[in-house]
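Chemist: So that we are looking at the same thing, I have put the structure below in structure tokens.
The values are calculated or read from the model by the stated rules, or taken from the named source; none is laboratory data. The structure displayed is predicted, hence computed values, not measured ones. Heads up, the Cβs are rebuilt from the backbone with ideal geometry, glycines too, and the neighbour counts pull from every protein chain shown. The area values use the complete protein model at the heavy-atom level, side chains included, leaving out ligands, DNA and RNA. Shrake-Rupley method; radii C 1.70, N 1.55, O 1.52, S 1.80 Å.
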Amino acid sequence: MEGRPGEPSPTPTIYDVAARSGVSIATVSRVVNGHRAIRDETRERVLQAVRELRFVPNSAARGLSSGLMRVIGLVFARVPSEDDLLELEEETLLFTDSVIRGAELAAQRRGYSLLLHGTGGEKAAGALAALTSKTDGLILTDRVLPERRVSTIARNFPV
């Protein structure tokens, strides 16, 4: 667990745990992810190193190996302008707020995080395309895209 020679690394890595416990990073990964085909002695050595180093698995790295990021994107229509704000407040903002709160609670209960993105008009399609690489699925509120365009995206990505 070293940054510069003689200085501890600020964040311990899976490599640090492997070195401390005398096993491969694959074995550390198996222990951390709860695989059962690990000898009890080895599991305890790895878990001891995890405790001593205060190692916390990197969720981004776990996402790469599992194919899941545990992030859901919620895309909502941004209010067009300040002039329209008062008129649209009850109709749009309160509805969007309720959807966001409900989605966040549901995501949290299932071990997911919620990534919020406000968009509107012609930029919506580009924003959605960018979010597909950062999330496991998307929730779209009303007025983000026309329904025909949503079905096109939904053929290739969970919406």
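Chemist: Based on what the data block shows, is Ala107 open to solvent by less than 40 Å² (accessible area, probe 1.4 Å), under 15 Å from Arg70 (Cβ atoms) and not in a strand (DSSP E or B)?
Modeler: yes
Chemist: Could you list, in sequence order, the residues of region 8-17 that are open to solvent by less than 30 Å² (accessible area, probe 1.4 Å) and touching a residue at least 12 places away in the same chain (Cβ under 8 Å)?
Modeler: Pro12, Asp16, Val17 - these are the residues of region 8-17 that are open to solvent by less than 30 Å² (accessible area, probe 1.4 Å) and touching a residue at least 12 places away in the same chain (Cβ under 8 Å).
Chemist: A further question follows. Going by the structure shown, is Gly102 at positive phi and modelled with pLDDT of 80 or more?
Modeler: So Gly102 does not fit the description; no.
Chemist: Which residues, counting only those in region 119-158, are touching a Ser or Thr at 6+ places or on another chain (Cβ under 9 Å), within 11 Å of Leu74 (Cβ to Cβ) and either part of a helix (DSSP H, G or I) or of a type outside the set (Ser, Thr, Tyr) (or both)?
Modeler: Of everything in region 119-158, those that are touching a Ser or Thr at 6+ places or on another chain (Cβ under 9 Å), within 11 Å of Leu74 (Cβ to Cβ) and either part of a helix (DSSP H, G or I) or of a type outside the set (Ser, Thr, Tyr) (or both) turn out to be Leu138, Val144.
Chemist: Could you please find all residues in region 18-47 being surrounded by fewer than 15 Cβ atoms within 10 Å (Cβ to Cβ) and of a type in the set (Val, Ile, Thr)?
Modeler: Passing the criteria: only Ile25.
Chemist: On the given criteria, is Ser29 in a helix (DSSP H, G or I), polar (S, T, N, Q) and at pLDDT below 85?
Modeler: When the stated conditions are applied, Ser29 does not pass them.
Chemist: Separate question: Is it the case that Val50 is among the hydrophobic types (A, V, I, L, M, F, W, C), within 29 Å of Lys134 (Cα to Cα) and either modelled with pLDDT of 80 or more or surrounded by 15 or more Cβ atoms within 10 Å (Cβ to Cβ) (or both)?
Modeler: So Val50 passes the test.
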